[in-house]
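To keep things clear, I will list the structure first and then write my remarks on it.
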Amino acid sequence: MGARTWLVEHGLHSEPDVYLGHGYVGLCLRAWPGASGAPLQLAVEWALLTWRLDDVLDSELREAAPLDVGGFVGRLVDMVEGSEPVTPEDHPAVRALADLVERTREVMPGDWWGRYRKHLVAWVEAAHGKLVGFVQPGRVPTLREYMVIRPPDGGMVLAAMWTELAQQVVTPDWNSPLVQSLLAAFSACGYLANDLAAGSGDTFTALDALARTEGLPPDAAREKVREQLHAEERRFWWLRCALREYSDEARPSIARDGLIEDTARFAMHLDAFRHALREWTAASSRYVPAAREGREAVAHRLRRTVVGRHQETDGG
């Protein structure tokens, strides 16, 4: 089943071609080279649904009553936890979520699903907290408030697990200090780049939080966030190198045979996703054109990369 067919089947968007025009499928194909079949399809659908839910929680429910917002969020959590069956009255995104939960649990290990479920609920709850605490009342967060909500709300840890799913590489060292540090840097790289590309109507960003907390003018706050993004990119590179060294030392026979231990492969795949996301953020029509540089050149490069794989996941 192609991405468009899946969107239409679940009624996730009234204009599926417009939605797909933001380039989500191209991003996934560039981020997960070599992935194919059902694992790739599931990972792409998780990405599509998560961005769709982000739109619902961030924009479409902006004027909704607290009871309606809470009811929607509660149904999302029900589907993730498997505590209640889906109903015909549920929002299309809730029904699509139930479908993905069922299909993903069939193909992934139980311990992987356990941590994915935990982080997915954390993402839903963070998005809910951002909506009712900041977006709806139009309140700019302090830097401390931002740092409590933004890492889970950014969804990058979910993206790391989509990468495990798509590439069928589940790290056995998820809870190790090195991997957790790698994930923190990976997450910060994603949400800080996203904040720098955000439109003026979005005030839950590192720029706004820093400006409020430190009293910086907008240009100075933007420069500080750029500096922090570059620092997180260097931290990610450093940790990725450490994990590669750990792999070579711990598994010398495998390294000599030209294979890479699972955790090092995981780090390598995260790096590919990080680079693809950076280029997509610079090129996608999801973001304000004025915030991007070299949009046409990057978009051309993305299109060229996915030739030959696009119909597998984006066809009808």
So, Leu42, is that one at negative phi, touching a Leu at 6+ places or on another chain (Cβ under 7 Å) and assigned to a helix (DSSP H, G or I) or not?
yes
Per-region count, the range 186-230, residues of a type in the set (Lys, Arg) and either open to solvent by less than 50 Å² (accessible area, probe 1.4 Å) or at pLDDT below 95 (or both):
0
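Each row is one residue, and each column tells you yes or no for (1) free of Cβ contacts under 8 Å to residues at least 60 places away in the same chain; (2) closer than 23 Å to Thr205 by Cα; (3) more than 20 Å from the chain's Cα centre (by Cα).
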site	(1), (2), (3)
Val69	no, yes, yes
Phe72	yes, no, yes
Gly82	yes, no, yes
Leu100	yes, no, no
Gly129	yes, yes, no
Tyr146	no, yes, no
Identify the single condition in (1) surrounded by fewer than 19 Cβ atoms within 10 Å (Cβ to Cβ); (2) at pLDDT below 90 that Arg309 does not satisfy, given that it satisfies every other one.
(1)
Only listed residue being in contact (Cβ under 8 Å) with a residue 60 or more places away in the chain and touching a Ser or Thr at 6+ places or on another chain (Cβ under 8 Å), chosen from Leu20, Leu40
Leu40
Please indicate, with yes or no, whether at least one residue in the range 90-100 is more than 26 Å from Met268 (Cα to Cα), open to solvent by 20 Å² or more (accessible area, probe 1.4 Å) and among the β-branched types (Val, Ile, Thr).
no
Of these, Arg52, Arg105, Arg62, Arg75, which one is open to solvent by 40 Å² or more (accessible area, probe 1.4 Å), within 21 Å of Ala159 (Cα to Cα) and basic (Lys, Arg)?
Arg105
Among the residues of the range 12-33, count how many are farther than 23 Å from Gly155 by Cα and either touching a helix residue (DSSP H, G or I) at 6+ places or on another chain (Cβ under 9 Å) or surrounded by 14 or more Cβ atoms within 10 Å (Cβ to Cβ) (or both).
1
Within the range 95-145, the residues that are hydroxyl-bearing (Ser, Thr, Tyr) and in a helix (DSSP H, G or I) are Thr104, Tyr116
Selection over the range 221-240 where residues are closer than 25 Å to Val135 by Cβ, more than 19 Å from the chain's Cα centre (by Cα) and not basic (Lys, Arg) yields a count of 3
Would you confirm whether or not the range 250-260 contains a residue that is at pLDDT 95 or above, among the basic types (Lys, Arg) and on the phi < 0 side of the Ramachandran plot?
no
Being among the β-branched types (Val, Ile, Thr) and either in contact with a Leu (Cβ under 6 Å, 6 or more places away or on another chain) or under 20 Å from Ala267 (Cα atoms) (or both) is the filter here, so list the residues in the range 171-220 that pass it.
Thr171, Val179, Thr213
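The values are calculated or read from the model by the stated rules, or taken from the named source; none is laboratory data. From a predicted model like this one, the values you see are computed outputs, not experimental measurements. Every residue, glycine as well, gets a Cβ built from its backbone with ideal geometry; the counts of neighbours run over all protein chains shown. Surface accessibility is based on the protein's heavy atoms, side chains included, excluding ligands, DNA and RNA. Shrake-Rupley method; radii C 1.70, N 1.55, O 1.52, S 1.80 Å.
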